[in-house]
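Visitor: Take this structure, written in structure tokens, and hold onto it; I'll ask about it next.
Since every read-out is calculated from the coordinates, none of them should be taken as a lab result. Remember, predicted model here, so these are calculated numbers, not experimental data. Counting neighbours? That spans all protein chains shown, and the Cβs are built from the backbone with ideal geometry, glycine included.
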Amino acid sequence: MLGAIGLDERQESAYRALVAVGAAEVNDLAHRLGLPESDTERTLRRLEQHGLAAQSSARTGRWVAAPPGVALGALLTQQRHELEQAELAAALLAEEYRADAAEPAVHDLVEVVTGAGAVAHRFHQLQLGAANEVCALVTGNPIAVSGLENESEERAATRGVSFRVVIEREVLALPSGILELSAALSRDEQCRVVDRVPTKLVIADASLAMVPLTSRGAEPAALVVHASGLLESLTGLFEAVWREAMPLRLGESGWAQETTVGPDPTDLEILSLLLAGLTDASVAKQLDLGLRTVQRRVKGLMELTGVSTRLQLGWHAYERGWVARGSRS
């Protein structure tokens, strides 16, 4: 918890123990921490450098904790100052970069990132650096980052960054597919579904994109594309897929409105998944329902709309607003 102000786990544990007792001998503190006395003393020396502990003037080998309100407050103030200086430096560097990149060389427009760790780091960096919008095409075979590991997406959304995501239908059949989709929808992300997406792709603020470079089985690698004609083509590809994809919403939070007469939320979830191309059996598995329950509910929806085929049911679902048609622009 105190790592943000420069303390490692051992130093934090020592300081907490010292605060709990107020003052302690090195051997007593070493016993509490389960550390050799030599390691404990080195840790106390580090705390002394941070201003969090001091040697007692009354007894050699006895250490006293500095008041947390004063000592930690000073460290936090220093940390804030350093962050402000870092932000200023980042702004100046960004301005310098923009000036130098006004007419970049062709070979500087694309970066090659190799290795799972490097690809994952660049992917998170791209999302965390977005200020307005992230657009993504998602397949069922992640290269370096799975949906459940994508913490940067949640952090970016919390900052107000909007997301438009197109997933291929295979993702819905994955064990975590519905869970990831529900989490995205709860953050008010816009999600659509197609049979297949042409490639994995993520675009930040229409100024930076990332696409995979290697095929399945090879070492993970990706291209990071800067503002250029290639980036414009990738943006156009995303928009074309987005226009043809079908909006998908799950759960109560995803529906524009609820009516007292008509399908309930479970009916709407079933209908949305069926229109996304899942079979009755797949829908039953994803929603933890019995197959007969799904079929009975679909039959009830057909009776409610007065239709005789599922194709007609899908048309009526759009016309009645049960499923969001979405903008095609």
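Visitor: Looking at the calculated P(r) for region 1-100, what percent of the C-alpha pair distances fall above 23 Å?
Guide: Counting pairs separated by more than 23 Å, the tail of P(r) holds 37 percent.
Visitor: What spacing in nm lies between the two simple spin-label points modelled at VAL110 and LEU92, each 7 Å away from Cα in the Cβ direction?
Guide: It is 3.5 nm.
Visitor: Does region 264-329 classify as rounded, prolate or oblate by the C-alpha gyration tensor (a ≥ b ≥ c root eigenvalues; a/c under 1.5 gives rounded; else a/b over b/c gives prolate, otherwise oblate)?
Guide: Since a/c reaches 1.5 but b/c is at least a/b, the shape of region 264-329 is classed as oblate.
Visitor: Once phi is turned into θ = phi - 60°, what whole-Hz ³J(HN,Hα) does the Karplus curve with 6.51, -1.76 and 1.60 give for every residue of region 112-125, x standing for Gly and Pro?
Guide: Coupling constants for region 112-125: 10, 10, 10, x, 4, x, 5, 5, 4, 4, 5, 5, 5, 4 Hz.
Visitor: Using a 10 Å cut-off on Cβ atoms, rank the peptides 227-238, 127-138 from the highest mean neighbour count down.
Guide: In decreasing order of mean packing, 227-238, 127-138 become 127-138, 227-238.
Visitor: Right, something else. Can you give me the distance in nm between label points at VAL64 and LEU230, each placed 7 Å from the Cα along the Cα-to-Cβ direction?
Guide: With each label point 7 Å from Cα toward Cβ, the separation is 6.4 nm.
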